[in-house]
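Quick notes on the structure that follows.
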Amino acid sequence: MLSYPTVRVSLLFLAIAVAGLFVADIAITTANPWRDLGQFFIGVATPNFFSTEGLLTALLRTVAFGFVGVALGSFFGFLLALVYRLLPVRIFCAFIRAIHELFWALIFLQFFGFHPLTGVLAIAIPYAGIFAKVYSEILEESDPEPSRLLPPGTSAIASFLYARIPDCWVQIRTYTAYRLECGLRSSAILGFVGLPTLGFYLESSFSQGMYSDAGAMLILFYVLIATMPIWVRPKLLPAYLLAAPFFLGEGFPIVWGNVERFFTEDIVPSPLRNGEGLAGLSSWLGDVMITEALPGIWNTIVLTQVALVATGLLSLLAFPLISKHFGGPVRRTSGHVFLVIARSTPEYILAYILLQLWGPSMLPAVVALALHNGGIIGHLIGRQTNAIELRPDAPTGFTRYSWELVPRVYRSFLAFLFYRWEIIMRETAILGILGIYTLGFYVDSAIQNIQFDRAMILILITASLNIGVDVLGRFIRRKLALQTMPTC
Amino acid sequence: MITKQIRKWLVSGFLTLAVATTASAQTFVFTAIPDEDETKLVERFRGIADYLSEQLEVDVRYIPVKSYAAAISAFRNNQVQLAWFGGLSGVQARALVPGSEALAQGVEDQAFYNYFIAHKSTGLERADELPEGVRGKTFTFGSKGSTSGRLIPEYHIRDRFNEAPETVFSRVGFSGNHTRTLRLVESGTYDVGALNYKVWEKELEDGNINTDDVKIIWKTPGFPNYQWTIRGDVDERFGEGFKDRVRQALLDLDDPALLESFPREGFIPASNDDYEPIRSVASELGIID
Amino acid sequence: MSGFAFNDLSASFGDKRVVGPLSLEVQQGQHVALVGKSGAGKSTLIKLLYERLTHQASLVPQGLGLVNALPVFHNVFMGQLDQHPLWYNTLTLIRPFRKDRDIIGTLLNGLSISEKQWVPAASLSGGQRQRVAIARALYRSAPMLLADEPISALDEPMAHLVMKALTDQFSTSVIALHDVDMALAYCTRIVGIQDGRIALDQPASELQAADIMALY
């Protein structure tokens with residue numbers, strides 16, 4: 001077994017995660033975690049849909065921000081995809097997508113304030129970076145032969161319209177629709193920093209222990225996501241896109257002086273602002289590094305590695321739930337429901353809920369990340385096993401699982417896992433806002449202390465860390481010759 | 001067909017922008033730091049909005065925010081013109097907006113104080129100074145930007161133990177607000193916490209505290225706290241003498257139900273200088289530059 | 001002019017030479033059949049020629065190069081994208097002009113697939129796809145034709161129809177064919193390829209099928 005590189009890499013990551021467990025802060029700190037959890041489930045079981053007058057509006061805003069953000073992101077992402085082969089463009093896109101939507105929202109809040117543009121851009125910018133990358137990959141894979149056959153003198157645009165786009169259209173459409181779902185999740189969590197989407201009310205209800213209200217919001221959100229195939233129709237899309245900007249809410253007018261101030265004063269490191277020169281800057285930077293960046297980086301990495309392996313283990317445990325090779329239709333349907341809930345709950349919301357119930361430590365974060373990401377990978381792998389035909393006399397039960405199925409899906413399982421490595425790290429960093437000591441904690445603290453220069457440095461560090469993990473993840477996938485399509 | 005769609009799209013975009021601009025051009029907007037349960041805040045400040053609107057004869061709107069920093073930013077960005085700040089957030093906001101001033105404070109805000117509270121399992125009892133026994137326990141502040149939830153407790157912890165809170169306690173958290181601190185210590189999630197005495201007393205009066213589970217272990221010395229702060233440029237926008245009218249309206253506020261919702265006995269004049277002690281403590285702790 | 005003469009045709013795959021070096025001269029009015037075993041280098045030779053003759057030649061490659069998501073009409077229309085301004089091409093993508101619909105309709109009719117005009121190429125059979133690629137080459141109406149096994153998936157009557165149409169419309173052509181009888185029937189000159197070199201080059205009228213079989 002050890003001669004397989006995939007097995008060796010898996011064991012290496014497992015060992016790192018186990019070592020991480022020893023240094024990580026894993027604990028349930030509430031006195032009655034199970035009672036709280038029980039109350040939460042009772043809340044979900046007895047939803048109160050009429051608690052907040054703003055609930056429907058919030059739902060509408062969630063959809064509106066999601067649509068406008070994803071539409072703008074996909075438009076600009078497409079333009080960027082056309083020039084994606086240029087190195088500066090690739091670096092630019094890697095950079096904008098390495099910064100999480102919530103961080104973008106926190107940045108824009110400082111100068112656009114509660115203007116709809118804050119929420120729209122917070123989604124559109126990172127999504128444009130992701131769209132650019134994926135669209136360019138899709139375009140690259142299109143058949144080059146038709147364009148070679150065009151008569152010389154055909155304009156580049158006509159050639160693109162006839163010979164490239166139609167070939168990738170279905171893939172582009174499928175991926176964009178998929179991102180729209182992600183966009184609704186992103187839109188919902190923007191409420192946690194004060195935008196008028198679902199997260200706003202969810203946070204309020206939760207922090208006040210009004211679980212029935214929170215349960216109603218979660219149920220509405222699941223219904224919204226689960227019914228997307230019904231209400232998102234290609235023919236209705238133009239109507240939605242035209243209507244969406246009207247439902248973003250009013251917000252407050254933009255004061256452009258604030259924008260200028262943010263870029264020319266707020267984010268300039270304070271020693272430079274105060275004329276302390278380079279000496280002041282280096283001691284300031286040293287202070288940021290030692291007291292905030294390094295502990296933040298350390299905790300982010302530890303939590304990421306533990307959560308990555310937990311995600312992997314959970315995916316391997318979960319995929320039989322929806323695989324046709326195990327259990328009957330009843331078990332598979334309930335498996336589907338479980339995985340749909342796990343993957344359509346944003347990890348931020350899952351982590352928030354678990355933190356409220358279990359108290360602050362890395363444990364709720366690990367469980368939230370593993371549930372959400374494991375739900376996604378488990379679903380993809382489970383679906384893959386349904387395409388496998390076993391011989392009639394194949395063994396059953398655990399032997400079937402371990403001898404027949406896992407070996408066949410292990411490579412694509414690893415591919416998905418390493419693809420999500422960077423995503424898990426981005427989320428890990430952001431969970432700091434909830435009070436776990438990852439980079440997001442220090443970013444949030446800096447913002448709470450109105451020290452945007454520090455916040456900016458820490459966000460840049462977070463982005464570099466994500467880019468680093470992305471590169472490493474791709475390197476490992478290439479080394480092991482693993483291929484995958486993007487997930488979000 | 002395509003150009004028509006683009007035109008429609010652009011028009012719709014401009015419309016939303018236009019709507020957004022006109023809606024609040026002449027509305028006097030205020031906010032408040034989210035130091036307690038949001039439902040309570042919304043209820044309380046909607047009442048204030050109605051009262052001010054009547055007194056000032058302009059549209060007055062309250063917007064709830066999710067963090068202390070968001071309240072400060074909205075004030076700084078002139079998206080709100082008036083805010084109910086804590087001691088620290090007021091100092092931060094006024095430093096960022098030249099010309100802004102503290103208008104009025106609650107009677108009780110001249111000498112505000114904090115309670116350190118502990119869960120029954122710690123066995124800690126009320127004392128004249130912060131008990132040595134808190135060492136090694138878990139501890140929660142309120143919000144990171146809070147005066148009574150963060151600044152003052154941290155000052156006293158450092159003063160008492162000569163160490164950072166992270167080394168005194170085995171775990172340090174930020175609950176988010178005072179109500180939440182109370183709930184977390186009451187349920188035993190944290191052993192010890194520090195909160196605004198007003199929140200404690202109001203919850204106690206309303207019968208929302210199980211005093212078997214949680215008790216006060218120390219009361220801090222007094223410090224200046226909450227105040228109404230207004231931007232310096234409101235007169236230009238809402239007419240000469242507007243600032244004074246706002247101050248007068250606040251000082252005149254005598255609706256018992258509204259005052260009870262804060263809860264304050266009434267409002268008295270305040271000045272920026274009243275908050276110098278807060279500024280110097282914050283600067284000592286490195287929270288402000 | 002639509003003949004050509006190349007002296008230094010050669011191509012390698014890795015270190016392995018697949019074609020040439022060889023010289024080939026084709027005069028206007030000649031219809032040349034390239035014959036030989038599969039793997040002899042016929043396709044590579046066609047590709048080499050197309051690289052040099054892009055401006056004068058229509059190509060029917062073995063892979064056909066259809067855009068599967070587009071209907072037959074647009075696949076054929078692509079043969080004349082260079083003839084129209086961008087707005088015209090873009091509009092055609094959404095709603096074709098009557099004039100083009102008629103011309104392409106007639107062309108497809110001649111190949112007996114006019115009923116498939118608005119069907120995406122993806123849902124066609126192999127023989128239908130091959131005729132779409134041929135229609136595209138005809139529509140481009142370059143002076144010369146380069147084709148790589150253009151009738152491999154067609155039944156015999158259809159194959160005759162297509163070979164006739166191709167040799168009628170193009171004054172000059174180079175067609176790789178594995179069907180020796182077809183080559184003799186429609187081409188004026190037979191060039192046999194063996195291991196990437198010319199092993200036979202004679203007028204069709206002087207050859208019998210048996211002479212060619214020696215190459216296989």
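Here are a few things to note about the model shown:
- For peptide B:59-66, the mean count of partner chain Cβ atoms within 10 Å of a residue's Cβ comes to 3.
- Cβ-Cβ FRET estimate between A:Met228 and A:Thr57, R0 fixed at 30 Å, reported to 0.05: 0.90
- Note, ³J(HN,Hα) from phi for region A:88-97, Karplus 6.51, -1.76, 1.60, rounded to Hz, x at Gly and Pro: x, 5, 4, 5, 4, 5, 4, 5, 5, 8
- Under-5 Å amide H pairs with A:Gly435, H placed in peptide plane, nonlocal only: none
- Averaged over peptide A:160-171, the number of partner chain Cβ atoms lying within 10 Å of each residue's Cβ comes to 4.
- For chain B, the fraction of C-alpha pairs more than 35 angstrom apart is 25%.
- The residue among A:Pro238, A:Asn258, A:Ser283 whose Cα reaches farthest toward the positive pole of the charge dipole of region A:224-291, with charges on the beta-carbon of Lys, Arg, Asp and Glu, is A:Pro238.
- Over region A:348-451, volume per residue of the alpha carbon convex hull, in Å³: 112 Å³
- 0 to 90° range, to nearest 10: angle between helix C:98-110 axis and chain C longest Cα axis: 40 degrees
- Unsatisfied cross-links (Cα-Cα over 26 Å) in the set C:Lys47/C:Lys164; A:Lys479/C:Lys16; B:Lys137/B:Lys219; A:Lys133/A:Lys479; C:Lys42/C:Lys164; B:Lys66/B:Lys198: A:Lys479/C:Lys16
- In order along region B:219-230, the phi-based Karplus estimate (6.51 cos²θ - 1.76 cosθ + 1.60, θ = phi - 60°) of 3J(HN,Hα) comes to 10, 6, x, x, 7, x, 10, 2, 7, 8, 10, 10 Hz; Gly and Pro are listed as x.
- Whichever aspartates and glutamates have a C-alpha closer than 20 Å to that of A:Lys235, once near sequence neighbours (fewer than 8 apart) are set aside: A:Glu181
- Cα centroid of region A:226-299 to Cα centroid of region C:130-182, whole Å: 61 Å
- The alpha carbons of region B:233-289 give a radius of gyration and a Dmax of 15.8, 40 Å, in that order.
- Radius of gyration (Cα atoms) of the protein assembly as shown, expressed as a multiple of 2.2 N^0.38 Å: 1.18.
- The mean sequence separation of alpha-carbon pairs under 8 Å and at least six residues apart, normalised by the residue count of region A:294-452, gives a relative contact order of 34 percent.
- The aspartates and glutamates within cross-link reach of B:Lys120, meaning a Cα-to-Cα straight distance under 15 Å and a gap of 8 or more places when in the same chain, are B:Glu186, B:Asp191, B:Asp212, B:Asp213.
- Sequence-ordered 3J(HN,Hα) estimates for region A:184-194 from the Karplus curve with 6.51, -1.76 and 1.60 and θ = phi - 60° stand at 5, 5, 4, 4, 4, 6, 4, x, 5, 9, x Hz, glycine and proline given as x.
- Simple spin-label estimate for A:Leu294 and A:Ala387 gives 4.9 nm between the two label positions (7 Å along the Cα-to-Cβ direction from each Cα).
- Those residues of region B:184-204 whose amide nitrogen sits under 12 Å from the label point placed on B:Ala127, 7 Å along Cα→Cβ: none
- A Förster radius of 60 Å, combined with the Cβ-Cβ distance separating C:Val119 from A:Asp25, puts the computed FRET efficiency at roughly 0.45.
- Highest GNM mean-square fluctuation among C:Val35, C:Val119, C:Val132, for chain C modelled with Cα contacts below 10 Å: C:Val119.
- Percent accessible area from carbon and sulfur atoms, the protein assembly as shown, protein chains only, probe 1.4 Å: 59 percent
- Ellipticity estimate at 222 nm from DSSP helix runs (n ≥ 4, -39,500 (n - 2.57)) divided over chain A, nearest 500: -23000 deg cm²/dmol
- Net charge in the neighbourhood of C:Gln30 (other residues with Cβ under 15 Å of its Cβ; Lys, Arg +1, Asp, Glu -1) is -3.
- Fluctuation leader among B:Gly241, B:Gly173, B:Gly106 - chain B, Gaussian network, Cα springs under 10 angstrom: B:Gly241
- Region A:50-266 has equivalent-ellipsoid semi-axes of 35, 22, 14 Å, by the square roots of 5 times the alpha carbon gyration tensor eigenvalues, sorted largest first.
- Take every pair of alpha-carbon atoms less than 8 Å apart whose residues are at least six positions apart; their mean separation over the length of chain A yields a relative contact order of 21 percent.
- For A:Phe114, the residues 5 or more places off, or on other chains, whose built amide H falls under 5 Å of its own are A:Phe252.
- Database remark: amide H of A:Lys324 closer than 5 angstrom to the amide H of A:Asn386 (H placed geometrically; neighbours at sequence offset of 5 or more, or on other chains; Pro and chain starts carry no H).
- With Rh defined as the Kirkwood radius, the inverse of the mean 1/r over Cα pairs, the Rg/Rh of chain A is 0.97.
- Per residue of chain B, the DSSP helices (runs of n ≥ 4 H) give a summed -39500 (n - 2.57) that works out to -13000 deg cm²/dmol at 222 nm.
- Listed peptides A:344-353, A:318-327, C:19-28 by packing density, highest first (mean Cβ within 10 Å): A:344-353, A:318-327, C:19-28
- In straight-distance terms, cross-link reach from A:Lys324 covers every one of the aspartates and glutamates whose alpha-carbon lies under 17 Å from its own, apart from those fewer than eight places away in the same chain; here that gives A:Glu389, A:Asp393, A:Glu404.
- Taking B:Ile48, B:Ile217, B:Ile157 in turn, the Gaussian network model of chain B (Cα-Cα springs below 10 Å) assigns the largest fluctuation to B:Ile157.
- Per-residue mean of C-beta atoms belonging to partner chains within 10 Å, peptide A:252-258: 5
- The spread of Cα positions in region B:113-219, taken along each principal axis and listed from longest to shortest, comes to 37, 29, 24 Å.
- Mean shadow area of chain C, taken as a quarter of the surface of its Cα convex hull (nm²): 12.4 nm²
- Spacing of the two label points (7 Å from each Cα toward its C-beta) at A:Asn32 and C:Glu25, in nm: 10.2 nm
- Span from the region B:64-103 Cα centroid across to the region B:134-195 one, whole angstrom: 24 Å
- A versus C: buried accessible surface, summed, Å² (probe 1.4 Å, to nearest 100): 1700 Å²
- The largest-to-smallest principal axis extents of the Cα set in region C:63-141 are 33, 22, 21 Å.
- At least 24 Å along the helix axis (C-alpha) and Kyte average at least -1.0, DSSP helices within chain B: B:2-25, B:38-56
The values are calculated or read from the model by the stated rules, or taken from the named source; none is laboratory data. Predicted model, so just to flag it, every value in this text is computed and none were measured. Because the Cβ atoms are built from the backbone with ideal geometry, glycine has one as well, and the counts that use them run over all protein chains shown. Note: areas computed on protein heavy atoms with side chains; ligands, DNA, RNA excluded. Shrake-Rupley method; radii C 1.70, N 1.55, O 1.52, S 1.80 Å.
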